[in-house]
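What follows is a set of notes on a single structure, which appears directly below.
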Amino acid sequence: MDLSSLIPWMGIGIVVIIVIVIVAWWIVTSNNFVRAGIKVHESLSGVEVALTKRFDMLTKLRDVARQYAAHELAVFTDVVAMRKGMSVTELNAAAAQADTLGARINALAESYPQLRSNEVFAQYQAGIVNVEEHLQAARRLYNSNVTRFNTMLGVFPSSLVGSAKHLEPHLFFEAEAHKQTDITGARLGCGGRCVRR
């Protein structure tokens, strides 16, 4: 068999191999986007669970405090009901309202020493510290997964797959504005860019 008759077949074979490699890469990258998206939604669920626990603890703390300060009922009217399926923006707003409620309850406890000495109130305050740590861990995991997904979406060549699938970047879970301020009151030097990467 003559070598010159094999050259066209070799060229076709090389083209077929290149096409197979490109198709395999496309499938793997597409599946990686699906996996990353699932991780983002899973970690968002973790944030929702942590916020729900926090809301429940604050509600219980509010109920105990209400017994001591019935005349200051206005403190307790700003509670947001947590529900499944809230967007990241809604979760940020709910977290900010829960922070405000927690600060008001703590201020109220300062005004009522008998409230601070109440055993149930003290247990709920300790529980909130645990819930806050869980919430921070859930937020870090969520933002880490969002970073991975958004990086895949923005980096060539995986951005080609993301664009073809019409994927959008996910929002980061934001830190509350008052928690971005240090003890001197100076804002962090991120100019509001800290939440989008």
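The values are calculated or read from the model by the stated rules, or taken from the named source; none is laboratory data. All of these numbers come straight from a predicted model, not from anything done at the bench. Here Cβ is always computed from backbone atoms with ideal geometry, including for glycine, and neighbour counts include all displayed protein chains.
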### Message
Contact list please: Cβ distance under 7 Å, first residue in the stretch 147-167 and closer than 16 Å to V28 by Cα, second residue part of a loop (DSSP other than H, G, I, E, B), pairs at least six apart or on different chains.
### Response
F149/H170; L153/L167; L153/P169
### Query
Are there any pairs with C-beta distances below 8 angstrom linking a residue in the stretch 1-27 that is within 23 Å of M152 (Cβ to Cβ) to a residue that is among the aliphatic types (A, V, I, L, M) and surrounded by 10 or more Cβ atoms within 10 Å (Cβ to Cβ), with the two at least 6 apart or on different chains, and if so which?
W26/V161
### Task
Given the conditions (1) over 30 Å from the mean Cα position of the chain (by Cα); (2) modelled with pLDDT under 90, report the number of the one that E90 does not fulfil.
(1)
## Note on the structure
Of the residues in the stretch 127-137, those that are of a type in the set (A, V, I, L, M, F, W, C) and surrounded by fewer than 18 Cβ atoms within 10 Å (Cβ to Cβ) come to V129, A137
### Query
Which of the residues belonging to the stretch 138-197 are at pLDDT 90 or above, loosely packed, with under 14 Cβ neighbours inside 10 Å, in a helix (DSSP H, G or I) and more than 13 Å from the chain's Cα centre (by Cα)?
G154, L160, S163, A164
